[in-house]
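J.: Please see the structure below; I have some questions.
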Amino acid sequence: QLPLSEVIEHAVALVKPSFERHDITLTVGRVPSLRAGFFRAKLQQVLVNLLTNAAQAVKPFDAARRNVTINAGINSNADVWIEVSDLGPGFTAMQQSEFFTQGFTTKTGGHGLGLHYCAVAMSQMKGSIHASSAGPDRGAVFRIEFPTQVSERRVAA
C-alpha cells in the first residue's frame, strides 16, 4: 500500500518544470493521509496527463488565469477522488461527451490519446473519470475516483 500523497507529489514533480517554464501556478490542495492499494505508475500517468492538459489549457491566458489546482479526498463510498481544475477555456456539453473517445482532441496538433488512456486506466483500476465545466471560458474540472483497495482488471487490447 502506498501513501496517496506520495503518488500526487511524484506526478507534480514530473510536471513542475513545464509549469515553471510557462509561469503557471500549481496549487496542491488537501490530500488525505491515506495509504491505498492502487497501481502507482498507472495512477501517476493519469495525473500527469490531467495536469499537462490543464497547463496547456491555461497557457494562452493572462497570469490571473494561469492556475491549476489538484485536490484529493474520500467520498461517501470510501473511494478516493482526485480533482484537477483549471481556469482555462472550459468546454461545451457536446465536447464533454466526446472527451474520452480515442482520437478526439480539442487541441491543434493533438492526437486524442491522453484522455482515452486515462479512461482505460481508470477502468482497469475499477474507477472512473469525469469532466465538468460551467461552459466555454469558465474553466474545467477533471475528477477521477477509485476504490481504496483495487486489483488490476486486465482489458483485452
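The values are calculated or read from the model by the stated rules, or taken from the named source; none is laboratory data. Note that the coordinates shown come from a computational prediction; the quantities given were computed from them, not determined experimentally. With ideal geometry, Cβ positions are generated from the backbone for all residues, glycine too; neighbour counts draw on all protein chains shown. The accessibility values were calculated without ligands, DNA or RNA, using every heavy atom of the protein model including side chains. Shrake-Rupley method; radii C 1.70, N 1.55, O 1.52, S 1.80 Å.
J.: Quick one: helix 40-58 against the long Cα principal axis of the chain, what's the angle to the nearest 10°, folded into 0 to 90?
T.: Helix 40-58 sits at roughly 10 degrees to that axis.
J.: Kirkwood Rh, region 9-83, all Cα pairs: how many Å? Kindly include the intermediate steps, with their values, before the conclusion.
T.: Details: mean 1/r = 0.0754 Å⁻¹.
Taking every pair of different Cα atoms in region 9-83, averaging 1/r and inverting gives 13.3 Å.
J.: Pairs of alpha-carbon atoms within less than 8 angstrom and 6+ residues apart define the contacts here; what relative contact order does the chain have, in percent?
T.: Relative CO of the chain lands at 23 percent.
J.: Can you compute the equivalent ellipsoid semi-axes for the chain, i.e. the square root of 5 times each eigenvalue of the Cα gyration tensor, sorted largest first and rounded to whole Å?
T.: Semi-axis lengths for the chain are 24, 19, 14 Å.
J.: Kindly report the accessible area of the chain per residue (heavy atoms of protein chains, probe 1.4 Å, no ligands, DNA or RNA), in Å².
T.: Numbers: 8210 Å² over 157 residues.
Per residue, the chain has 52 Å² of solvent-accessible surface.
J.: What is the local net charge at F19, summed over the other residues whose Cβ is closer than 12 Å to its Cβ (Lys, Arg +1; Asp, Glu -1)?
T.: Every neighbour counted, the sum reads +1.
J.: Also: Quick one: with all protein chains in place, what share of the accessible area of the chain is carbon or sulfur, to the nearest percent (1.4 Å probe)?
T.: Numbers: 4300 of 8210 Å².
Carbon and sulfur: 52 percent of the exposed surface of the chain.
J.: Continuing with this model, one more query. Calculate how steeply helix 114-124 sits against the longest principal axis of the alpha-carbon atoms of the chain, using the helix alpha-carbon long axis, and give the answer as 0 to 90 degrees to the nearest 10.
T.: The helix 114-124 is inclined about 20 degrees to the chain.
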